Each structure stands twice: as structure tokens, then as C-alpha cells.
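K.L.:
Input: one structure, supplied below.
The values are calculated or read from the model by the stated rules, or taken from the named source; none is laboratory data. As the structure is a computational prediction, the values presented were derived from the model and not from experiment. Positions of Cβ are generated from backbone atoms using ideal geometry, with glycine treated the same way; all protein chains shown enter the neighbour counts.
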Amino acid sequence: MAIPLESLEGKYEILEKLQEGDMLMVLSDHGFTSFRRGVNLNAWLLANGYLKLKEGADGSAEWLRDVDWSQTKAYALGLAGLFVNQEGRESQGIVEPGDEAQKLKDELISRLNGLRDEEKDAIGIREVFDTPQLYQGPYVGEAPDLLAGYDHGYRASWDCATGVVSGPIFEDNTKAWSGDHTVDPRLVPGILLCNHAIDADDPGLIDMAPTFLRLFGHRPPPHMDGRPLFEHPPGQGKPAKAA
């Protein structure tokens with residue numbers, strides 16, 4: 001969302017110090033929403049047969065130490081990522097890369113999309129994303145295989161983030177950390193304020209670096225994903241000064 005800074009004149013001292021040709025941008029890389037309920041994807045994977053525990057383990061150990069990798073097809077770690085226990089990549093992987101891994105991902109996406117929190121009669125996960133369909137470039141392999149797009153009020157539970165398998169799939173967040181942005185990114189767009197009109201209809205964070213290069217008179221390299229927010233920088237074709 002882009003907002004003209006002129007609407008804030010008289011409220012902030014820095015606006016009064018700008019000179020002709022100066023450029024001022026204020027931006028956030030994301031928004032925020034409430035975090036009321038946690039989702040333990042490892043508990044869901046266990047309940048649905050995709051993850052198995054070692055004999056005698058109760059799943060309470062952190063960092064997936066209770067997991068029997070010889071029988072586990074998928075696991076979760078961190079705040080949004082799901083991973084296939086892929087042969088040749090994970091040290092004890094059992095899922096063959098290629099068609100078998102893709103079939104598993106498609107199945108998980110189908111079952112987790114719209115995952116309901118029956119206790120609250122609400123949707124906990126809006127959509128699960130297959131990361132190779134989102135990203136491109138040499139570092140795609142570093143990303144999780146799937147990303148969970150949580151709904152408003154939901155996020156990965158604290159236990160899920162640290163690789164704990166036991167416990168309920170859904171539980172209340174009882175910590176003081178009651179807001180977050182690790183949800184469906186369409187729910188938490190960032191904010192951009194600028195004292196010059198921009199040409200882009202839907203600016204994104206990846207557009208910032210090529211924009212700044214253009215403003216300082218440099219041509220953005222072709223490998224950059226983003227695009228400058230200005231077709232022609234303000235200031236009669238001359239690079240704008242950074243404010």
C-alpha cells in the first residue's frame with residue numbers, strides 16, 4: 001500500500017526540512033496481525049501418519065530428537081516451513097526426489113489447505129504454498145519445501161517452531177508475544193510512504209534496491225527481481241538526492 005507523504009505535512013519535522021528534488025521514503029517490510037492460537041504441524045503430521053516417533057519416545061523432546069526418521073515422510077521446523085524427508089538430501093531421507101516427493105507435497109497441500117480449528121470453528125491455515133512455484137534462482141533449494149500461510153490470529157506454535165511433536169495440534173498462545181507477521185503474506189502487506197508519486201501499482205520490498213540504484217543514476221543489473229518504482233526519477237531527469 002502506497003500513501004503520499006504530503007498528507008502528513010505539519011506532523012513530522014523531517015518533512016519541513018526537505019528541499020526541492022529531495023526524496024523521502026518511509027516503509028515497512030511487512031504488516032502485523034494478532035497471534036492468538038498456535039498450530040503444531042508436527043503434531044498434525046504425527047496424527048496423520050506422515051511422521052513417526054522412536055519406540056518409547058513421547059515426542060516432547062525439542063529439535064525433532066524423538067523422530068524416527070526411517071518411517072517419517074515429512075516434518076516441520078521454524079515458523080512456517082514444512083520439509084520432505086528426502087532421500088539424498090536429509091541424512092536419513094526416505095522419500096525419493098522427483099515424482100514421489102512432488103506427490104507427497106501435493107497431498108500435504110490438499111489436506112492442509114483450509115485446515116480447521118474445530119474448537120474455535122475457524123480456519124487456521126488459509127493456504128499451503130509449494131515454494132518452487134513461488135521462487136526462482138540459485139537459492140530455491142535453501143527454502144522449505146512448503147510454506148504454511150496461516151490465517152489471522154494463527155501462527156506456528158512455540159512447540160512447532162522448536163521441533164516438539166507432542167501436544168495438541170491447536171492451542172492458545174499464552175505468551176506476551178501476541179502479534180506476528182509469519183502468516184499468509186497477503187494478510188500482512190507492508191506500507192510505503194513517499195513524497196513523490198510512484199509509477200508502480202503494487203510496489204514490493206524487492207523493488208527497493210533497483211529503485212535506489214535508479215535514483216542515484218545507476219542502471220539496475222538484469223538479475224535483480226524487482227523493478228524501479230519510477231519510470232523516470234523525479235527532478236527533471238536528474239537523480240534525486242537521498243533524504
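K.L.:
Could you say whether any residue in the range 72-85 is surrounded by fewer than 17 Cβ atoms within 10 Å (Cβ to Cβ) and hydroxyl-bearing (Ser, Thr, Tyr)?
P.N.:
no
K.L.:
Quick one: which strands (runs of 3 or more DSSP E) sit completely within the range 108-225 and have at least 3 residues that are free of Cβ contacts under 8 Å to residues at least 24 places away in the same chain and outside the structural domain of Gly56 (by TED's automatic domain parsing)?
P.N.:
Per the criteria, no element qualifies.
K.L.:
Then there's this: Check Ala57 against each of (1) surrounded by fewer than 14 Cβ atoms within 10 Å (Cβ to Cβ); (2) free of Cβ contacts under 8 Å to residues at least 60 places away in the same chain; (3) farther than 18 Å from Leu147 by Cα and name the one condition it does not meet.
P.N.:
Failed condition: (1).
K.L.:
Residues of the range 183-204 being of a type in the set (D, E, K, R) and either touching a Leu at 6+ places or on another chain (Cβ under 9 Å) or over 30 Å from Asn40 (Cα atoms) (or both), which ones?
P.N.:
Asp199, Asp201, Asp202
K.L.:
Would a scan of the range 29-50 turn up a residue that is part of a loop (DSSP other than H, G, I, E, B), touching a residue at least 12 places away in the same chain (Cβ under 8 Å), more than 30 Å from Gly81 (Cα to Cα) and of a type in the set (A, V, I, L, M, F, W, C)?
P.N.:
Taking every residue of the range 29-50 in turn, none turns out to be part of a loop (DSSP other than H, G, I, E, B), touching a residue at least 12 places away in the same chain (Cβ under 8 Å), more than 30 Å from Gly81 (Cα to Cα) and of a type in the set (A, V, I, L, M, F, W, C).
K.L.:
Hey, Ile3 hits all of (1) β-branched (Val, Ile, Thr); (2) at pLDDT below 95; (3) farther than 29 Å from Pro185 by Cα but one; which does it fall short on?
P.N.:
Going through (1) β-branched (Val, Ile, Thr); (2) at pLDDT below 95; (3) farther than 29 Å from Pro185 by Cα one by one, Ile3 breaks only (3).
K.L.:
Go through (1) farther than 15 Å from Leu41 by Cα; (2) in contact (Cβ under 8 Å) with a residue 40 or more places away in the chain; (3) not β-branched (Val, Ile, Thr) one by one and return the number of the condition Lys105 breaks.
P.N.:
Result: Lys105 passes all but (1).
K.L.:
Okay, moving on. Has the range 92-112 got at least one residue that is on the phi < 0 side of the Ramachandran plot, at pLDDT 95 or above and touching a Ser or Thr at 6+ places or on another chain (Cβ under 7 Å)?
P.N.:
Yes - at least one qualifying residue is present in the range 92-112.
K.L.:
If we keep just the residues of the range 51-79 that are aromatic (Phe, Trp, Tyr) and either outside any loop (DSSP other than H, G, I, E, B) or under 26 Å from Val188 (Cα atoms) (or both), which is nearest to the chain's Cα centre (by Cα)?
P.N.:
Taking the candidates together, the pick is Tyr75.
K.L.:
Against the definition (among the basic types (Lys, Arg) and surrounded by 15 or more Cβ atoms within 10 Å (Cβ to Cβ)), how does Arg126 come out, yes or no?
P.N.:
yes
K.L.:
Touching an Asp or Glu at 6+ places or on another chain (Cβ under 8 Å) and exposed (fewer than 13 other Cβ atoms within 10 Å of the Cβ): which single residue out of Asp172, Asp199 fits that description?
P.N.:
That would be Asp199, the only listed residue that is touching an Asp or Glu at 6+ places or on another chain (Cβ under 8 Å) and exposed (fewer than 13 other Cβ atoms within 10 Å of the Cβ).
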